[in-house]
1. Which whole-number percent gives the relative contact order of the stretch A:4-191, counting Cα pairs below 8 Å spaced six or more residues apart?
2. I want to check a number: in the stretch A:4-191, how many lysine pairs have alpha carbons closer than 20 Å, given a sequence separation of 8 or more or different chains?
3. Using only the Cα atoms, what convex hull volume per residue in Å³ does chain A have?
4. Sort B:17, A:182 by Cβ crowding within 10 Å, fewest neighbours at the top.
5. So how much slack lies between residue A:94 and residue A:115, counting 0.36 nm per residue of separation and subtracting their Cα-Cα distance, in nm?
6. At what distance in angstrom do the alpha carbon centres of the stretch A:57-91 and the stretch A:115-185 lie from each other?
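Where a number appears in this text, it was derived from the coordinates with a stated rule and is not lab data. Values in this document were obtained by computation on a predicted structure and should not be read as measured data. Positions of Cβ are generated from backbone atoms using ideal geometry, with glycine treated the same way; all protein chains shown enter the neighbour counts.
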Amino acid sequence: MSVVNYGTREITCKIVYYGPGRSGKTTNLQHVYSQLPEERKGKMVSLATETDRTLFFDFLPLDLGTISGFATRFQLYTVPGQVYYAATRKLVLQGVDGVVFVADSQSRQLAENIESLQDLHANLADEGFDPRTIPLVMQYNKRDLPSGEISSVEDLDETLNFRGVPHYSAVAVNGKGVFETLRSISTLVLARLSAPAAKGS
Amino acid sequence: MAKEPEEEEGGEFADFLADVSKEVADAVESLAGPANVPAEEPRTTPVVAAERKKTPATVDSGVIAEWPNIADRLIEEVR
């Protein structure tokens, strides 16, 4: 995806929320959408199955207005977490500028988190991205669950965050940590605009 | 029961926007070269194209300029 279009003075950033099924990816986008002032509320596209699981993807366009003469837009996507939607995840990753990995903090979901992270790396590589350098932020969601049911942040970080990227604790269902995560990935993506030569290296 | 004050509508988003705006401004500034390229002018129909459609106004476009000579030739023919 072309991030900066000098001719039309537009900046467009595509951010994908990735993670295992039921980790809270759609909930992140729903919270962002709920906080948008009315005049900026576009349309959040959400395709779900009859059991409320994301079937294809969620799409939330964020129009930030004109900044320094550039019309700035963020496009937030989620992927379906269930393993059998591999082709869709790959499709949604095309042209991605930054990834938020939403991990489920529940101890019993650790294997699913690892599998999803490996799936992310494989799909990024297939799409021509270097999984070691693409802007990435980790979000450890569901921190409100009883301590006996969830892994510690340190353990999650040790297991999942081998790149040492920024990580955030979150309770997406009530909005905690959602905007911190979005702000962080936005900063990483925008920082890349300043150093385009480093892209893909 | 005490109730927490409701957050101003768009409060979280407004904070986010303020932060991101600064990041975008920094990024645009760092891209000094290409960013200073003037925006494209809105495209208009070239004037030349419109003019091409006009019938050329030349001296022989339906106007008989050498009438006397032609009259002479007609008289000659009749003879």
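1. Numbers: 344 pairs, mean separation 46.3, N = 188.
25 percent.
2. For the stretch A:4-191, the number of qualifying lysine pairs is 10.
3. Numbers: hull volume 24.2 nm³, N = 201.
That works out to 120 Å³ per residue.
4. Working: B:17 20, A:182 29.
Taking fewest neighbouring Cβ atoms as first place, the list is B:17, A:182.
5. On the way: separation 21, 0.36 × 21 = 7.56 nm, distance 2.01 nm.
Contour length minus the Cα-Cα distance gives 5.5 nm.
6. With the stretch A:57-91 and the stretch A:115-185 each reduced to a Cα centre, they are spaced 17 Å.
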